[in-house]
Amino acid sequence: LHLIVLDTSLSMSAAGRWDRAVAAAEAIVADLSPNDRAQVLAVGPGISVITERSNDKVELRSAIAGLAPGVGRNSYSDVVEATRSLAPEGDLPVEVHLISDLQNSAMPGRFSEVALPTFAKLDVTNVAEPNDQNWAIESVRGDVRAFGAENPKLEVTVAGYSLEAARKTVTFKIDGNVIGSESQEVPAMGRAAFTFAGFEPPVGFSRASFEITPGDDLAGDDVRLVAIDNSEPEPILFVT
């Protein structure tokens, strides 16, 4: 039994990664012998069992073609749990083909959670490139509840996953209107804080966005959306 596990987390949408993942999965299907069976699984978030055990290569290829990266995160402990639950009874060998970009964030807190059962063999395909670079808006903190704030301030943290420092610009918009931008160098494999202060959000709720430029091959984490609340508090009746 071959468990073909494709990582469908956000980072797999980086340029070229998903194409390499699909090619690797299709190669496994092509190599199946008449006595083999395979199941296609997707991980990130959680585990999705896409097919039942099958030797129908057309069905397996169709299932692979129907997958795509999403916006969730991967967890390798989910792969281990799926292997235990899907393993057949008896002496049938199981081979787990994990096709992923191997993000550190997918590792659980305890190593024991990624220990496969003794009856299973692990085959890993890393679809990331050694020189892959990425910059991401990691967090936005500050006065998102802006009512009554004399000098509202928001701090945007940009994380750089690159062996080289790079100068990046973060642009702040509210309801599509540019409020300001700030440029600075993000250190190699480090972080930089971009601060925006003194803005005046419209009354009520508004939609703010922060975007990194120039972008990179993983566009999904170059933008962060935030709701800003500048509405007056509603009166509340307390009865004692």
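The values are calculated or read from the model by the stated rules, or taken from the named source; none is laboratory data. Just so it is clear, the model here is predicted, and its values are computed rather than measured. Using ideal geometry, Cβ is built from the backbone for each residue, glycine included, and neighbour counts are taken over all protein chains shown. These accessible areas exclude ligands, DNA and RNA; they are computed on the full protein's heavy atoms, side chains included. Shrake-Rupley method; radii C 1.70, N 1.55, O 1.52, S 1.80 Å.
Data overview
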quantity: Rounded to 10°, Cα long-axis angle of helix 17-30 versus longest principal axis of the chain; calculated: 10
quantity: Rg(Cα)/(2.2 N^0.38 Å) for the chain, N = residue count; calculated: 1.31
quantity: Heavy-atom accessible area ranking, 1.4 Å probe, most first, across D216, D132, D7; calculated: D132, D216, D7
quantity: Viscosity 1.002 mPa s, temperature 20 °C, Stokes-Einstein D of segment 172-232 from Kirkwood C-alpha radius, µm²/s; calculated: 163
quantity: Kirkwood Rh, angstrom, segment 22-87 [1 / mean 1/r, Cα pairs]; calculated: 12.6
quantity: Under DSSP loop assignment and at most 16 Cβ neighbours within 10 Å, longest chymotrypsin sites (Phe, Trp or Tyr not before Pro)-free interval of the chain; calculated: 1-118
quantity: Mean separation of Cα contacts under 8 Å (6+ apart) over length of the chain, as relative contact order %; calculated: 17
quantity: Rounded Å value of the spacing that divides the Cα centres of segment 35-91 and segment 172-215; calculated: 40
quantity: Descending semi-axes in whole angstrom, ellipsoid equivalent of segment 100-224, from the Cα gyration tensor; calculated: 37, 18, 12
quantity: Relative pair counts by distance (%), Cα atoms of segment 1-59, 10 Å bins; calculated: 22, 52, 24, 3
quantity: Taking segment 133-235 and dividing mean pair separation by its residue count, relative contact order in percent (alpha carbons under 8 Å, at least six apart); calculated: 32
quantity: Per-q log10 I(q)/I(0), segment 52-116, q = 0.24, 0.25, 0.26 Å⁻¹ (Debye; single scatterer per alpha-carbon; no solvent); calculated: -1.23, -1.25, -1.26
quantity: Spin-label model distance (nm) - A115 vs V71, 7 Å beyond Cα toward Cβ; calculated: 3.8
quantity: Stretch gain in nm, segment M189-N177, where the contour uses 0.36 nm per residue and the Cα spacing is subtracted; calculated: 1.2 nm
quantity: Residue-normalised accessible area of the chain, given per residue in Å² at a 1.4 Å probe; calculated: 55
quantity: Nearest 10 degrees, 0 to 90: helix 76-86 Cα axis against the chain principal axis; calculated: 40
quantity: Given 14 as the ceiling on other Cβ atoms within 10 Å, longest exposed-site-free region of the chain for GluC sites (Glu not before Pro) in DSSP loops; calculated: 165-240
quantity: Potential extension, V239-E95 segment - 0.36 nm per residue separation minus Cα distance; calculated: 45.4 nm
quantity: Overall Cα dimensions of segment 1-131 - principal axes, largest extent first, Å; calculated: 39, 34, 24
quantity: Label point 7 Å beyond Cα of D123 along Cβ direction - residues of segment 1-30 with amide nitrogen under 12 Å; calculated: 1-5, 24-30
